[in-house]
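Notes to accompany the following structure.
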Amino acid sequence: MVARSLTVATLALSFALSAYADMQFAPRESEYTVEGMKFKQLAFSDGSGNEITYQQPPGWTYSGSATKLTLRPSNSAQAEGTITKVALSQAVTFDEANTNELVKRALSSAPPDSTDVMLVSQEMNPVKIGGKETFLVIVSYVSYGAQYERSMMFMNRGNEQIIFQFVSRASDFNDLQSAFLASQFTWHNL
């Protein structure tokens, strides 16, 4: 009886994890209606027939592929948000060891020619997406004489990690990062 229960539990876990494995970031536009008003959103396939939806910040353009969604604000040429996924060998938590590694990863994400790379902040759960925890790291650096800031927010989703990344000149960062971060509340079924 115990062996049968373990088998059923293992199959259920395998099914749940495999449902997450096939999310595609190639968007298609869809609409929804609230109180008679129509709103546009982006829709994605999760590989199991369920639809994942998201609304990019107002006025931002988008493009996507199987593994990456790119968002650009219309009023800032040197700013870009990306949402990517990476496979995990196993589900992980945001314990101290893992968050330290994510901070190192964010610091190393500055372009190779960068100077003055510094940790600005780190925060647990600035946004919870579908009840899932997130971890946000913000770094600053100088590249070709200009000051930049980059945010990387990590969310574990079964056996993959979703990375929400935004970069811009430091002078534009706070407002644009706020819009990018606020848009993460619009995810459904992620």
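Taking strands (runs of 3 or more DSSP E) as the structural unit, those lying wholly within segment 18-95 and holding at least 2 residues that are of a type in the set (Asp, Glu) correspond to 28-34.
Which of the residues that make up segment 142-159 are of a type in the set (D, E, K, R), closer than 18 Å to residue 125 by Cα and in contact with a strand residue (DSSP E or B) (Cβ under 6 Å, 6 or more places away or on another chain)? Within segment 142-159, just 150 meets the criteria. The number of residues in segment 136-190 that are over 20 Å from residue 70 (Cβ atoms) and within 10 Å of the chain's Cα centre (by Cα) comes to 1. The sole residue among 134, 186 that is among the polar types (S, T, N, Q), open to solvent by less than 70 Å² (accessible area, probe 1.4 Å) and touching a helix residue (DSSP H, G or I) at 6+ places or on another chain (Cβ under 9 Å) is 134.
Taken over segment 33-46, the criterion of being over 19 Å from residue 61 (Cα atoms) and either open to solvent by less than 30 Å² (accessible area, probe 1.4 Å) or of a type in the set (Phe, Trp, Tyr) (or both) is satisfied by 46 alone. Would you say residue 27 is modelled with pLDDT under 95 and farther than 16 Å from residue 156 by Cα? Yes, satisfied. Yes or no: segment 160-174 includes at least one residue that is of a type in the set (Asp, Glu) and open to solvent by 40 Å² or more (accessible area, probe 1.4 Å). Looking through segment 160-174, at least one residue is of a type in the set (Asp, Glu) and open to solvent by 40 Å² or more (accessible area, probe 1.4 Å).
Scanning segment 89-110 for residues that are modelled with pLDDT under 95 and open to solvent by less than 70 Å² (accessible area, probe 1.4 Å) yields one hit, 92. Restricting 147, 177 to residues that are in contact with a Ser or Thr (Cβ under 9 Å, 6 or more places away or on another chain), surrounded by fewer than 16 Cβ atoms within 10 Å (Cβ to Cβ) and of a type in the set (S, T, N, Q) narrows the list to 147.
Does segment 75-87 contain any residue that is hydrophobic (A, V, I, L, M, F, W, C), under 21 Å from residue 26 (Cβ atoms), surrounded by fewer than 16 Cβ atoms within 10 Å (Cβ to Cβ) and in contact with a strand residue (DSSP E or B) (Cβ under 9 Å, 6 or more places away or on another chain)? Scanning segment 75-87, I find at least one residue that is hydrophobic (A, V, I, L, M, F, W, C), under 21 Å from residue 26 (Cβ atoms), surrounded by fewer than 16 Cβ atoms within 10 Å (Cβ to Cβ) and in contact with a strand residue (DSSP E or B) (Cβ under 9 Å, 6 or more places away or on another chain), so the answer is yes. Apart from one condition, residue 116 fits all of (1) open to solvent by 70 Å² or more (accessible area, probe 1.4 Å); (2) part of a strand (DSSP E or B); (3) within 27 Å of residue 22 (Cα to Cα); the exception is (3).
The values are calculated or read from the model by the stated rules, or taken from the named source; none is laboratory data. The shown structure was predicted, so the numbers you read here are calculated from the model rather than taken from an experiment. Methodologically, a virtual Cβ is constructed for each residue, glycine included, from the backbone with ideal geometry; neighbour enumeration extends over all protein chains shown. Calculation scope for accessible area: heavy atoms of the full protein, side chains included, ligands and nucleic acids excluded. Shrake-Rupley method; radii C 1.70, N 1.55, O 1.52, S 1.80 Å.
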